[in-house]
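Worksheet: one structure, shown below.
Here, each number is a calculation from the coordinates, and none is a lab measurement. This one's a predicted model, so the numbers in the text were calculated from it and none came from an experiment. Quick reminder, even Gly has a Cβ in these numbers, built from the backbone with ideal geometry, and neighbours come from all protein chains shown.
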Amino acid sequence: MEKEFSKITGSWNNKSELEKTIAAGVYGAPELKPDEKSAFLGEFKERVLRALTKAQVEENTVYVEIVLALQDKRAARLIYSGDIDYRYVDKYVKLSRKYGKPYTIRQDQKYKSDIGLLVASNEAVDAGAVVAVNREERLTRLGLPLPVIKAAPGKVCDECYALIEQAAPEELMNYERLTFFDRLAGEKCPAHPD
Ligand SMILES: [Zn+2]
């Protein structure tokens, strides 16, 4: 089957419309750029707005890149790999519901890649380097101290909150301010434990 399939796609351009119709009916439509599609959970790379690796999806913190991609009017759906435990995907599924985008799981064994989740469009968007930079790396480059980066998702003191607001305001979605009552209850800023 595999051999016959490549024989058909190989000479595809030389076939008449009728032959194409017949061949497509028998073997399915010819798959273009199959390697690229399997690398991005069955989507063409040029239709991918943003993607995360499996390890990134398994972080507790939401990647703001995915939130921004879901807000993009070209975004058509969220797709995630069936290889990832649903408890890690859940935070992104909630977001896709919030922004009214459908979500799909891809279980097919042929999608063996590092990609864990992506936001795709129905059209070519040519978003360039679509895989997000690791959050810790990105925020370190922006000058945030590691204890502040690692405090997410969670509460931080006013000082840390202001630091995030200045260096990476989009990240505030992953933080809350410690309130007076939190402090009374014994909660402390993870970046300022003393
Ligand atoms: Zn603090």
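Please state which one of Gly143, Gly186 is of a type in the set (Gly, Ala, Ser), in contact with a helix residue (DSSP H, G or I) (Cβ under 7 Å, 6 or more places away or on another chain) and within 16 Å of the ligand (Cβ to nearest atom). If you could, list the steps in order and put the result at the bottom.
Working: Gly186 fails: in contact with a helix residue (DSSP H, G or I) (Cβ under 7 Å, 6 or more places away or on another chain).
When all the criteria are applied, what remains is Gly143.
Name the one entry in Leu172, Leu163 that is farther than 24 Å from Asp72 by Cα, within 16 Å of the ligand (Cβ to nearest atom) and surrounded by 14 or more Cβ atoms within 10 Å (Cβ to Cβ). I'd like the intermediate steps shown before the answer.
Details: Leu172 fails: farther than 24 Å from Asp72 by Cα.
Leu163 is the lone residue from the list that is farther than 24 Å from Asp72 by Cα, within 16 Å of the ligand (Cβ to nearest atom) and surrounded by 14 or more Cβ atoms within 10 Å (Cβ to Cβ).
Would you confirm whether or not the stretch 91-107 contains a residue that is touching a residue at least 40 places away in the same chain (Cβ under 8 Å) and more than 10 Å from the chain's Cα centre (by Cα)? Walk me through how you get there before you give the answer.
Step one: filter the stretch 91-107 for residues touching a residue at least 40 places away in the same chain (Cβ under 8 Å), giving 106.
Of the ones still in play, those that are also more than 10 Å from the chain's Cα centre (by Cα) are 106.
Yes, the conditions are met somewhere in the stretch 91-107.
Out of all the residues in the stretch 46-78, which are assigned to a helix (DSSP H, G or I) and farther than 12 Å from Val119 by Cβ? Talk me through it step by step, then tell me what you get.
Quick first cut of the stretch 46-78, residues assigned to a helix (DSSP H, G or I) only: 46-47, 54-57, 64-71.
Residues satisfying the conditions are Glu46, Lys54, Ala55, Gln56, Val57, Val64.
Could you identify the single residue in Asp83, Asp126, Asp90 that is at positive phi and either surrounded by 12 or more Cβ atoms within 10 Å (Cβ to Cβ) or of a type outside the set (Gly, Ala, Ser) (or both)? Give the steps one after another, and end with the answer.
Details: Asp83 fails: at positive phi; Asp90 fails: at positive phi.
Asp126 is the lone residue from the list that is at positive phi and either surrounded by 12 or more Cβ atoms within 10 Å (Cβ to Cβ) or of a type outside the set (Gly, Ala, Ser) (or both).
Yes or no: Ala120 more than 16 Å from the ligand (Cβ to nearest atom) and more than 26 Å from Asp72 (Cα to Cα)?
Numbers: more than 16 Å from the ligand (Cβ to nearest atom): yes; more than 26 Å from Asp72 (Cα to Cα): no.
So Ala120 does not fit the description; no.
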